[in-house]
Amino acid sequence: MNQELPSYPPPAKYDAISIWRKALRSRSFVIGAVLALFVLIAGVTSIFWTPYAIDVLDVSQRLQPMSSQYLFGTDQYGRDILSMLMAGARTSIIVALIAVGIGMLIGVPLGLLAAAQRGLLEEMVMRTNDLIFAFPSLLSAVLITSIFGPGTINAVIAIGIFNIPVFARVARGGALALSGREFLLAARLSGKSTFLITVEHVIPNIANLLIVQASIQLSLAILAEAGLSYLGLGTQPPMASWGRMLYEAQTMVAFAPQLALYPGFAIIFSVLGFNLLGDGLRDLLDPKMRRRVA
Amino acid sequence: MSAIFSARDLCVSINGKQILRDVDFDLERGKILGLVGESGSGKSMSALSAMQLLPEGASQSGELSFEGKNLTRASDPEMTHIRGKDISMVFQEPMTALNPIRTIGDQVAEGLRWHLRISRKEAWEQTIDVLERVGLGPEYGLMDRFPHQLSGGQRQRVVIAIAIACQPKVLIADEPTTALDVTVQAQILTLLKDIVKKEQMAMLLISHDLAVVAEMADTVAIMKDGVIVEDGPTGELFDNLSHPYSQKLFEASNHVPVPRQEPVDERAQPLLKVSNVLRQYPLSRASIFTRRQWHRAVQHVSFSVAPRQSLGLVGESGCGKSTLARTILGLTPPDGGSIQFLGKDPFAVSRNDRRDLQLGMQAVFQDPYGSFDPRHTVERTVSEPLHLMRSDLSREQRRKRVHEVLESVGLASADANKYPHEFSGGQRQRIAIARALVTNPSLIVADEPVSALDVSIRAQILDLFADLRDRLGMAYLFISHDLSVVQAITDRVIVMNAGRIVEEGPTGEVFSNPKHPYTRMLVSAVPDLNEALRKRRKKENKDTQ
Amino acid sequence: MLWFAFLRLIGLLTTLLAASLVIFVVLEVLPGDPAEVMLGLNAQPDTLAALRAELGLNAPVTTRYVSWILGMFQGDFGISYTYSVPVSELISERIQVSLPLAAGSLILSTLIAIPVGVYSARHHGKIIDTGIMSVAQIGIAVPNFWIAILLVYVFAIVLRILPSGGFPGWDVSVLGSLQALLLPVVALALPQASILARVMRSALLDVLHEDYIRTARAKGLSNKATLWRHGVRNALIPVLTILGLQFSFLIAGTVIIENLFYLPGLGRLIFQGITQRDLIVVRSSVMLLVALTIFVTFLVDIAYAAIDPRLRRRA
């Protein structure tokens, strides 16, 4: 009935160069990308090289102050803190990437299926989602890791499970928001199957939403891993983890409070990085969503 | 008679971009000034400027004088005493103009209490009166209702009630009926006219529709790109349009594409035959103890389209025309009755046959923004229906075909590599038509194909439809709420109301001599530019004598 | 409205039932025989068997599930293996710590976040807004247990004005108990407040772009009156969603925070129960926390309908 043009703005340009130019102007994106990249490089480097071995305890070198030899000093067991932080970055990133990957690989198809096959199937998928949401996430992760034994892999699975409903919800919501759009009708009239339409039209058009959500989930996963490791249920020594470092630092906080600062800053650094990256991407890819927060 | 509100040299720019330039107008008591223009002309900004509700980043110069005050210099606290009390506004979208979580009574009473500082009880009583003045008497029991429980027309009446509650001296209406059905539009326009006369308000009526303005306004100003190009008393102005833009606008509003050259053979085997089609939706149950109710969107509808025939389907929102279109297009099966296209039922044939039927019937939709995947190039978009032909076409042949159809809708073949966002609304609709043409169909279903377009562009697209009809021998099923569009392009017309066909016949006959009361109401509700001007001239002659 | 509440209530009960099944099944796979854990490694086989019988471990799985559920309805949560006291007693004792902790931080974070979010939205785009939102952005990234460690260092170790952990009990010292809870509440509340403030701000900014805000302004309402009468109330709808989700986060957060501050709360009870394989304690306390979360979600749904009349007719 509306004679005037529809109220939403014409879609933004999608060529790579203009997106890249806009990206470099977005403060959130640049800061976020730099922070995330920094953590990523530190983690990757630690696979090949760290200044000192992190699995060798040398009590004679314990609680060294900052120096050119030990950039951030050493902990109560004489381990080099910089090396521990680098190895911790590796743990955080691996856990976060795999956990979010699990969530996406299972959640997105489920969400798309629920959107495509409305009715009973949708109802089942969404109710299962609600059920998972009803379990306070970290509490359940504690349950899972303690039942199957503490360790990095179980932590990944526990965190991953709670990413599934998040991605299912985002994928379903995005697909349903597209469902009235006339280009999907046009595709149907072109004889395309639901599967083909999903692959050709729906997924590319909700990719933005998924990318933004993924960066937010990455930061939540880093926080969750740190929490589990802090409780002693995540990464086990001799592997380093920021959460575990905080746990060990806590007992020393009266004598060496700096030990608690470094891993804390590392967590804030990386979580802030992925959050800002998500905000920046949202601004770039979906201007309408600019003011929202997840 | 002197002006109660006037604009002089009004300039507005937003973030450095000039929107209005040297705009002058006067509003007089009991008179209506019509401000006409196409989208982007700055007419809405004029309204917001008069209310001093300009968006962030706006700067203005010039004068807006009201009762000796220059409003462009008034502070916001000063304006809060004027807005809603002396100068009020009615907005375009009644669906969103009301707060969804507060009651109607509450929202109308709010302005009364704010300006008149009266008690809750007094405000409540006055609110009942105000609602009665806009035709929503106590029998509707709206005071405790929420906006979502009202129809579009009722909501617009509530918006008007809010505006006139404190008996303002100036009323500004920005496209007050654009979002409404024609019959409701007619009622709302009458209401506004009555209020202006009875309460001696001065009114600024903003519209894209020349017919509405000609019917309502005593004086008219035509706006383009932020400048008033021409203005004067309505009848006189339209008789002596001197500016090329106003002439173009006037012609486009009256535009009728070239009539059909060769007559249609109506006795030929019908291309599309719709028999007794029924579509119904389950309503959500009030409780588990009641029986499930069904909403019958389309009730036993039958008609047929002959080859090369152009059939119009008119009706107001919710009459079932879009539901019917989806069934005809094969998107949702009917709950009863059958569809025959090219002699076959698309819901009963094999996959391959169905594909052939789909090749023969394509569609053009309303929304020039929503009908393309923003990530696909024009070539990919236009060639999408060729998917139906699978392996029959090589890549090169596809490309050639896309170039062909782009040229036949008046675009260049070089446009194939661009993205939809690089085109204007009218060009996009050409791309949509190209996509429908690419399989060389015998029938095109066009669902409100020009409703989102400005008048001048609408005329061009209608010409294109007429041209394709004559050149390619296409049949159309033209679905629209806009009678003038259907009148311009179709041979036969079907009128739908509440899921049923109430009248059917040759287009000219149905419109000049409607038989069914609903059709009669519909036809009489449509504002007619020439008819309005004739009346206007008579009145102006009387006034000058 | 009543019909709506009734349908939601049915939904609540179904989710509760499903959740209880999940918890029961998950804990069934827990390795280790509870009786063995309780009696130690050198227990006689016949005493073990007797204890198994006493604990009802020989009954079929379905019987044990049903008797667990029925027991909970009668307030009988079983007897803890390790503490040898009724679980209901343990829980009611521990909840006196956990509930004030969760409620306190929820209230504190709301009290901080709503005014800050509204203020920031009112000064949208100005330096103060950017500043507040930058702080909030960092606040979201900070793990609550790290804040807790810093708070302990500053207030307990350096300034020595608050305890670093432990809980005297309400009957021993109310003031002491409040002091013991202060740091944990702040540590839990700060990151949540950051999230909530951002949500409040963005929700309000979204609402302020709605057409009905313009209608309110056209009525003559001042900016401030429009903001409070039409803006904030409508913006509370998305804020409520986040508040509901936050409760779940807070419950999870208590596990870590109670451990860190040596608070005898439910979270710590569960954590210890797991490490000691005290299945009965874990099962019932997890169920309680999950039930609490589901109940809060239910309350949020009802509150939605109370705020937004459009939701009332839909079920």
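The values are calculated or read from the model by the stated rules, or taken from the named source; none is laboratory data. Just so it is clear, the model here is predicted, and its values are computed rather than measured. So basically every Cβ, Gly included, is an ideal-geometry build from the backbone, and we count neighbours across all protein chains shown. Calculation scope for accessible area: heavy atoms of the full protein, side chains included, ligands and nucleic acids excluded. Shrake-Rupley method; radii C 1.70, N 1.55, O 1.52, S 1.80 Å.
Looking across the range B:477-503 at every residue that is outside any strand (DSSP E or B) and acidic (Asp, Glu), the one that is least open to solvent (accessible area, probe 1.4 Å) is identified as B:482. When the range A:194-244 is filtered for residues that are farther than 20 Å from residue A:28 by Cβ, surrounded by fewer than 20 Cβ atoms within 10 Å (Cβ to Cβ) and more than 14 Å from chain B (Cβ to nearest Cβ), the ones remaining, listed by number, are A:232, A:236, A:237, A:238, A:239. Counting only residues that are buried (at least 16 other Cβ atoms within 10 Å of the Cβ) and within 11 Å of chain C (Cβ to nearest Cβ), the range B:61-86 holds 7 of them. Note on the range A:230-247: residues that are of a type outside the set (Phe, Trp, Tyr), out of contact with any Pro (no Cβ under 9 Å at 6 or more places or on another chain) and either outside any loop (DSSP other than H, G, I, E, B) or at pLDDT 90 or above (or both) amount to 0. The conditions of being touching a helix residue (DSSP H, G or I) at 6+ places or on another chain (Cβ under 7 Å), modelled with pLDDT of 85 or more and open to solvent by 60 Å² or more (accessible area, probe 1.4 Å) are not met by residue A:41. The condition of being open to solvent by less than 10 Å² (accessible area, probe 1.4 Å) and out of contact with any Ser or Thr (no Cβ under 7 Å at 6 or more places or on another chain) holds for only one of A:180, A:149, A:174, that being A:174. Helices (runs of 4 or more DSSP H) wholly in the range C:24-125 with at least 2 residues that are at pLDDT 85 or above and open to solvent by 40 Å² or more (accessible area, probe 1.4 Å) - which ones? Correct list: C:61-73, C:87-122.
Might you check whether a residue that is more than 33 Å from the chain's Cα centre (by Cα) and at pLDDT 90 or above occurs anywhere in the range B:400-411? Yes, the range B:400-411 has at least one match.
Scanning the range C:297-310 for residues that are open to solvent by less than 40 Å² (accessible area, probe 1.4 Å) and either within 10 Å of another protein chain (Cβ to nearest Cβ) or free of Cβ contacts under 8 Å to residues at least 40 places away in the same chain (or both) returns C:307, C:308, C:309. For residues that are closer than 19 Å to residue B:75 by Cβ and among the aliphatic types (A, V, I, L, M), scanning just the range C:210-236, find the one that is surrounded by the most Cβ atoms within 10 Å (Cβ to Cβ). Among those that are closer than 19 Å to residue B:75 by Cβ and among the aliphatic types (A, V, I, L, M), it is C:216.
Residues of the range B:120-141 that are under 21 Å from residue B:194 (Cα atoms) and part of a loop (DSSP other than H, G, I, E, B): B:134, B:135, B:136, B:137. Taking the criterion of being open to solvent by 20 Å² or more (accessible area, probe 1.4 Å) and in a helix (DSSP H, G or I), the residues of the range B:425-454 that qualify are B:427, B:430.
The sole residue among B:439, B:519, B:490 that is of a type in the set (Val, Ile, Thr) and outside the structural domain of residue B:410 (by TED's automatic domain parsing) is B:519.
When the range B:327-354 is filtered for residues that are touching a residue at least 40 places away in the same chain (Cβ under 8 Å) and more than 16 Å from residue A:189 (Cβ to Cβ), the ones remaining, listed by number, are B:334, B:335, B:336, B:337, B:338, B:340, B:343.
The strands (runs of 3 or more DSSP E) falling completely within the range B:185-253 that include 1 or more residues that are open to solvent by 10 Å² or more (accessible area, probe 1.4 Å) map to B:219-224, B:227-233. Mind checking whether some residue in the range B:105-119 is assigned to a loop (DSSP other than H, G, I, E, B) and in contact (Cβ under 8 Å) with a residue 12 or more places away in the chain? So far as the range B:105-119 goes, no, none of its residues is assigned to a loop (DSSP other than H, G, I, E, B) and in contact (Cβ under 8 Å) with a residue 12 or more places away in the chain. Listed by position, the strands (runs of 3 or more DSSP E) inside the range B:284-381 whose residues that are β-branched (Val, Ile, Thr), away from chain A (no Cβ under 14 Å) and open to solvent by less than 20 Å² (accessible area, probe 1.4 Å) number at least 3 are B:294-305.
The residue that is most open to solvent (accessible area, probe 1.4 Å), counting only those in the range B:1-44 that are under 26 Å from the mean Cα position of the chain (by Cα) and more than 30 Å from residue B:198 (Cβ to Cβ), is B:40. Of all residues in the range B:260-282 being modelled with pLDDT under 85 and open to solvent by 80 Å² or more (accessible area, probe 1.4 Å), which is nearest to residue B:466 (Cα to Cα)? That would be B:261. Being open to solvent by 10 Å² or more (accessible area, probe 1.4 Å), of a type in the set (A, V, I, L, M) and within 11 Å of chain C (Cβ to nearest Cβ) is the requirement here; does residue A:260 meet it? Taking the combined requirement at face value, the residue does not satisfy it.
Among the residues of the range B:160-175, at least one is open to solvent by less than 20 Å² (accessible area, probe 1.4 Å), closer than 20 Å to residue B:481 by Cβ and at pLDDT 90 or above.
Considering only residues in the range B:401-424 that are buried (at least 20 other Cβ atoms within 10 Å of the Cβ) and assigned to a helix (DSSP H, G or I), the one that is nearest to the other protein chains (Cβ to nearest Cβ) turns out to be B:420. Of the residues in the range C:126-135, at least one is open to solvent by 60 Å² or more (accessible area, probe 1.4 Å), in a loop (DSSP other than H, G, I, E, B) and either farther than 20 Å from residue C:253 by Cβ or facing another protein chain (nearest Cβ under 9 Å) (or both).
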